[in-house]
Amino acid sequence: MHLFKYILKRLGLLIVTFFIIISVCFVLVKLLPSQPAEMFGKDMALIMARREKLGYGQPIIIQYFRFLRYAFEGDFGASEVLYIGQDVWKVFVDKLPYTISVNLFSIILSIPIGLGLGVIAAVKKNTWIDHVISTGVMIFVSVPSFVYGFLVQYLLCFKLHWFSPVMDTTAGPFSWAGIVSMMPAILCLSFGSIAGFARYTRAELTEVLTSDYLLLARTKGLTRQQATIRHAMRNAMVPIFPMILGEFVSIMSGSLIIEQMFSIPGVGKLYVNAIQASPPDYNFFMLLSGFYILISLLAGIVVDISYGIIDPRIRMGEK
Amino acid sequence: MNNKWKKLTAVAVSAIMCSGSLVGLTACDDPNAGVGKYTYRLATNSLPTSWNIHTYQSNDATYVLDYTEDSFYTFDYNDTKDGYQIVCSMAKEMPVDVSSSYVGEDWGIAEGDEWKAIRVSLKDNLYFENGDHITAKDFVDSIELLLNPAAANYRADSLYGGQFSLVNAEKYVKQGGYNYTAMVSAELNDWEYFDVADLVADENGILQLDGKDAVLNINSLGNWSPDSTYGLDKYYSAGYFDVEGWEEFAASADKDGYVKLNATGLKIVQDAIAQLQGYDNVEAYAEVRGDYAYQEWEEMAFFGYIWDEIDFSKVGVKAVDDYTLDFIIEKPLSGFYLKYNLTSAMYLVHVPTYKACMSESQGVYTNSYGTSKDTYVGFGPYKMSSYVADSVVTFEKNDKWQGYADAAENTYTTTNISIQQVTSENTRLNMFLNGELDSYGLLAADMDEYQSSPYTYFTEGDSTWFVALNPDAEKLAAMQAQTEPMTAGNEVNKTILTLKDFRMALSFSIDRAAYELALDPTGGVAKALYGNMIISDAENGVAYRTTDEAKKVITDFWGLTDSIGEGKEYETMDEAIASITGYDLAGAKKLFDSAYDQAVEQGLISAEAAASGKFEVQIMIGQPGNGSSAYYNDGYEFLKKTWEEAVKGTKLEGKLVFKQSQPLGSTSFASYLQNCTVDLLFGVGWTGSALDPYSLMEAYVSPNYQYDPAWNTTQTMLDVEINGQVLRSNVLYWGQYALQGTEIPTFVVDADGNATDEMVKINAGPNADPAVRLAILAAVEGAVLNQYDMIPVGTQASANLKGMRVQYYTEEYVFGMARGGIKYMTYSMDDAEWNKFVKSNGGTLNYKG
């Protein structure tokens, strides 16, 4: 009951926060200069007529309520700049699978390897194995993914000719050909995540392995492996699992540079393009703002709730 | 082992194995793939997201339209393969004049008029790629959709306003909307004014002439003052006049500054002008100037009116029968420019598909035609076989295309086309070297390695890049007043830019060859407004710069005309032009000194600052784009260093300082120079119009487009020798109106150089004597250059690497045909042979020279 109340309260706050942020976004984007530049030989009256139809000449508050009215009806409008004439929601939904695909496979690859390396490093703490893993982790955490991008593309695509340097999209994002051609991008995205998981797992597990209850478990006769897996891992996962969950949530925001580098037609660059367009692509900007704000707010709630699910000792909403 | 641990291990192992097997699988290739196929593979920075011929706004659309659409007429090689001609494609024969069939008021055609109604006869074997027959009605329906008033389609203006303007096209698309004419004084021809008593008040008290509202824009002075960016409201704010009721009047303006005039408003405006002229009110002003005092406001006024509703049947396009199409146009057009304007399919769309793509979004008309494979039906030599937005588009041969029926041997050898979006230049180059692409556009960074490669082809473009300045004394002074010095205690100066000597010094101190080498190694040194690829006689393919008139512009501008002739420094104009580098450091230093002296003398630099040396000429250099362009960043450093070095040893040594602006965006950066927020732009200019330099001249002389609107082209007189007579008119009239087909008044200039009362009307539109047009074009070009506010620096050019298996039809670039294009391109190997060839070379090819 407490949890239910807690969720309701958080959802209520989410709605309020969402509307405040989305309103600020709308006003700010509308305050950006949007007058079309005079073009040689172009009848600007025609352009202004179109803008008039779109309501760009009206006061911002009227435009805002117009936006809200249609948004509640599920009509987020058509793109006027980036994807002329196309429903922005449809364009977004068409591109999302590519982003999800590359990030999903990257996480699938990262979790076992990252956790595995973290466990090995923790169990073999202060041995040469731990040192090698920790050094590797530091390198991969500190080097940005686009640097791997260049290296992976050069070595695997141009020198060894194992992969195409760009994604084969003709068969779709979840097709075999699509996944194969995405491998360089998946690898690039995985390196950082693997390092992140390994570092976090090692730190948590190391702490748990030196705790009193683990010592008690060993003295009761459990082997080191049994104590590690049955007791240490479970407790160490309490902070790690929300991190994994957070990674899953963030996959929809895309990875701008990697997508661009490997020509993956995902959503990574949409947001930047929408705001950089001249004039800004308002409908795209608002749709993406709304989407990402919602995802971020929901992620916060889900992660918080997940603590209680992983570790029953943690109770949400209780005083 | 614990089950969970087992599962975890299994997942990890399978993931690793999975990636390993993927690696292995990619190594497997089908040995028979590509046999008999010739795929032309390209990669670009961006692919089109829309190629709807009615609405597309990016040139990327041509990546689709060039292959999937046809045209009435098309460019082809001439018989000697060294020039172009226009030949039939969808049309059966060349256009015919049928003006006599449309004589009457409806179409504005009088008895004896020619080439105002044009007949195009279509071939009977025209089909869309889905097999639907194309008839003349499809063209008419498509134009109706293009001009749909509810859509306000971006490209609707292509059918009005230009050379090929369909009768009533503008009226149809704008029906029901409110419109403003050009300036009232221009509407009535500039030398005429209407009688204020002819104005009639409508039911709301708005004054009208012939049903049109009299309107003033409080933010524009129109033709009244050279200061085209100021308006009466700013003069009021600055205290130049104080007429009662002005604030209320100004408050009634719409968001663009327009106010419809009633009797009270008119009196306010008349009084305001009178006060600006030094009188208390219009009555006092009239005592001196008579009726003109009451009419002067017309120089800054507009007419406003609502476009009448009009039926599409009144628009100048008719399907006479299934295969005969008539166009009725506003201005007569014949010869090359008529055919050139018909090198399109006149916005033909597949009407059923187009209509299926119509919808309303947020209550506004929208159309998704031409945004995916399913929403588009083409009619060109190729058809789209796949499209993934922002990724790839592929094409295959369209067997329904009419052109294959009579295509010559060895044409259209390409069976497939693939264009990928690859934003990284490095990736594109590596893909090319790995044999995955058939062409690669070289960048500045690649030139060291590939400029001497036998596979490198250089192509000169039609654009010139300038250093642009806007020497607007008032605005520069205002900006100067609010600019902080870079060295504390210094007086900031910007108004020195108004001195021609200073601008000339900036020009002469640029080592253009070094500039191009550093920033754009494929480009050349620009010596005038127009480069070598601009065609002035399109009928005969004569390049403008090869004419004597154009050559003389250059020798005059660079001061070499007197040095040409037998026994002189240069024997011919060509020799003289070849010697021009545009770089004269010694001359620049003298000009910097001269500019300093003038600036002190005129008080632009205060005597105190001059005496103490505590001043700085601070120039803000604009940065178009989003700040990531190497061209603009490196160019800023180059110019800064160039000019800082150039003033050494002059009176301005150490006084010239520079700042780079914040990124100004990609489309409206010119406005920052126009309002003097920045003092200088570089790497800017006007592109396109290679076949019509006459129309493009408007960009340099019209305040609507000028980078330097401070130059009032209506007040700058220009003499042009035509048919043995020297005629005088203003630069705007010559450069815009006359060249675009409007009759202008000119005055004969006598032997002493004075204008007489003898008026000669000149119309130098597309159908005029080519020699007259050329003489005017050259004279206006000279006038623009001599302002030294558009300083030519570099010419546009590009270079590309051609794949080893690709064979161009001609090694030399021919305007309109390039080197043969997709039509004439052939291959030495099919795709399968090429793959083997690349593998046999270790997977990476060597294209270095």
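What follows draws every value from the coordinates through simple rules; no lab data is involved. Note that the structure is a prediction, hence the values are computed from the model and not measured. As a convention, Cβ positions derive from the backbone with ideal geometry for all residues, glycine included, and neighbour counts pool all protein chains shown.
On a 0 to 90° scale, report how tilted helix B:3-26 is relative to the longest principal axis of chain B, with both axes built from alpha carbons and the result rounded to the nearest 10.
Around 80 degrees separate the two axes.
Quick one: compute the contact order of segment A:96-268, relative version, from alpha carbon pairs under 8 angstrom and 6+ residues apart, as a percent. The partial results should precede the final answer.
Working: 214 pairs, mean separation 65.7, N = 173.
With pairs under 8 Å counted, the relative contact order is 38 percent.
As a footprinting exposure proxy, order A:Trp176, B:Trp834 by other Cβ within 10 Å, with the fewest listed first.
Least crowded to most crowded, the residues run A:Trp176, B:Trp834.
Please state the shape class of segment B:178-306: rounded when a/c is under 1.5, otherwise prolate if a/b exceeds b/c and oblate if not, all from the C-alpha gyration tensor.
Rounded, since a/c falls under 1.5.
Within segment B:547-612, which GluC sites (Glu not before Pro) sit in a loop by DSSP and count at most 15 neighbouring Cβ atoms inside 10 Å?
On the way: sites: B:Glu549, B:Glu566, B:Glu569, B:Glu571, B:Glu575, B:Glu601, B:Glu608; in loops: B:Glu566, B:Glu569, B:Glu571.
The qualifying sites are B:Glu566, B:Glu569, B:Glu571.
Between segment B:419-447 and segment A:1-80, how many Å separate their Cα centres?
39
For chain A, rounded, prolate or oblate, judged on the Cα gyration tensor with a ≥ b ≥ c (square roots of eigenvalues), a/c < 1.5 rounded, else prolate if a/b > b/c? Let's see the in-between values first.
Values: a/c = 3.18, a/b = 1.60, b/c = 1.99.
Note, shape of chain A comes out oblate.
What is the distance in Å between the Cα centroid of segment B:320-371 and that of segment A:131-200?
Cα centroid of segment B:320-371 versus Cα centroid of segment A:131-200: 48 Å apart.
Mind checking which helices in chain A clear 15 Å along their axis (Cα) and have mean Kyte-Doolittle hydropathy of -1.0 or more, DSSP H runs only?
Values: long enough: A:2-31 (43 Å, 1.90); A:60-72 (18 Å, 0.95); A:88-123 (50 Å, 1.55); A:128-142 (21 Å, 1.37); A:176-209 (44 Å, 0.98); A:233-250 (24 Å, 1.02); A:282-310 (41 Å, 1.79).
What comes out of the filter, once short or polar helices are dropped, is A:2-31, A:60-72, A:88-123, A:128-142, A:176-209, A:233-250, A:282-310.
In segment B:749-849, what is the count of Lys pairs whose alpha carbons are under 26 Å apart, counting only pairs at least 8 residues apart or on separate chains?
Lysine pair count for segment B:749-849: 7.
So for B:Val726, A:Val208, B:Val422, A:Val272, fewest C-beta neighbours within 10 Å to most, what's the order?
Arranged by neighbour count, lowest to highest, B:Val726, A:Val208, B:Val422, A:Val272 become A:Val272, B:Val726, A:Val208, B:Val422.
At 222 nm, what value in deg cm²/dmol follows for chain B if DSSP H runs of at least 4 each add -39500 (n - 2.57) and the sum is divided by all its residues, to the nearest 500?
Per the formula, -8000 deg cm²/dmol.
Using only DSSP helix segments of four residues or longer, with each worth -39500 (n - 2.57), what per-residue ellipticity at 222 nm results for chain A after dividing by its residue count and rounding to 500?
-23000 deg cm²/dmol
Go through B:Gly782, B:Pro766, B:Ala751 and say which Cα lies farthest out towards the positive end of the charge dipole of segment B:712-786; charges sit on Cβ, +1 for Lys and Arg, -1 for Asp and Glu.
Farthest towards the positive pole: B:Pro766.
Assign one of three labels to segment B:560-662, namely rounded, prolate or oblate, based on the Cα gyration tensor with a ≥ b ≥ c the square roots of its eigenvalues; rounded applies when a/c is under 1.5, prolate when it is not and a/b is larger than b/c, and oblate otherwise.
Working: a/c = 3.11, a/b = 1.32, b/c = 2.35.
Verdict is oblate for segment B:560-662.
Along the positive direction of the dipole of segment A:96-268 (beta-carbon charges: Lys, Arg +1; Asp, Glu -1; about the Cα centre), which of A:Leu216, A:His231, A:Pro265 reaches farthest?
With unit charges placed on the Cβ atoms, the residue in question is A:Leu216.
Among B:Pro703, B:Val617, B:Phe164, pick out the residue whose Cα is farthest towards the positive end of the charge dipole of the protein assembly as shown, where Lys and Arg carry +1 and Asp and Glu carry -1 on C-beta, about the Cα centre.
Most positive-ward Cα: B:Val617.
Here is the link list: B:Lys527/B:Lys590; B:Lys475/B:Lys614; B:Lys171/B:Lys373; B:Lys475/B:Lys589; B:Lys314/B:Lys355; B:Lys255/B:Lys640. Which ones come out longer than 29 Å on Cα distance?
In this structure, B:Lys171/B:Lys373; B:Lys255/B:Lys640 exceed 29 Å between Cα atoms.
If I fit a long axis through the Cα atoms of helix B:770-785 and take the longest principal axis of the Cα atoms of chain B, what angle between them do I get, 0 to 90°, rounded to 10?
In chain B, helix B:770-785 runs at an angle near 70 degrees to the longest axis.
At a threshold of 8 angstrom on Cα-Cα distance, excluding pairs fewer than six apart, so keeping six or more, what relative contact order does chain B reach in percent?
17
Could you tell me which GluC sites (Glu not before Pro) in segment B:258-314 are loop residues by DSSP with no more than 11 other beta carbons within 10 angstrom of their beta carbon?
B:Glu309
With just the Cα atoms defining each centre, how far is segment B:534-590 from segment B:771-844? Give it in Å.
Their Cα centres are 25 Å away from one another.
In peptide B:362-370, how many Cβ atoms from other protein chains are near each Cβ within 10 Å, on average?
Other-chain Cβ atoms within 10 Å of each residue's Cβ, averaged: 6.
What three numbers, in Å, describe the spread of the alpha carbons of chain B along their principal axes, ordered from the longest?
Taking the Cα atoms of chain B, the three principal extents are 99, 84, 72 Å.
Tell me the relative contact order for chain A as a rounded percent, counting alpha carbon contacts under 8 Å between residues six or more apart. Provide the component values of the computation, followed by the final result.
On the way: 341 pairs, mean separation 91.1, N = 319.
Dividing the mean separation by the residue count of chain A yields 29 percent.
How would you rank A:Val143, B:Val259, going from fewest to most other Cβ atoms within 10 Å of each one's own Cβ?
Arranged by neighbour count, lowest to highest, A:Val143, B:Val259 become A:Val143, B:Val259.
Please determine, in degrees from 0 to 90 and to the nearest 10, the orientation of helix B:548-557 with respect to the longest principal axis defined by the Cα atoms of chain B, where the helix direction is its Cα long axis.
With both axes taken from Cα atoms, the answer is about 60 degrees.
Would you mind working out the magnitude of the charge dipole of the protein assembly as shown relative to its Cα centre, with +1 at each Lys and Arg C-beta and -1 at each Asp and Glu C-beta, to the nearest 20 Debye?
In debye, rounded to 20, the protein assembly as shown gives about 9000.
Within segment A:59-125, list the trypsin sites (Lys or Arg not before Pro) lying in a DSSP loop whose Cβ has at most 15 other Cβ atoms in a 10 Å radius.
The qualifying sites are A:Lys124.
If the viscosity is 1.306 mPa s and the temperature 10 °C, what translational diffusion coefficient in µm²/s does Stokes-Einstein give for segment B:430-529 when Rh comes from Kirkwood over Cα pairs? Please report the intermediate quantities before stating the final value.
Working: Rh = 17.7 Å.
The Stokes-Einstein estimate is 90 µm²/s.
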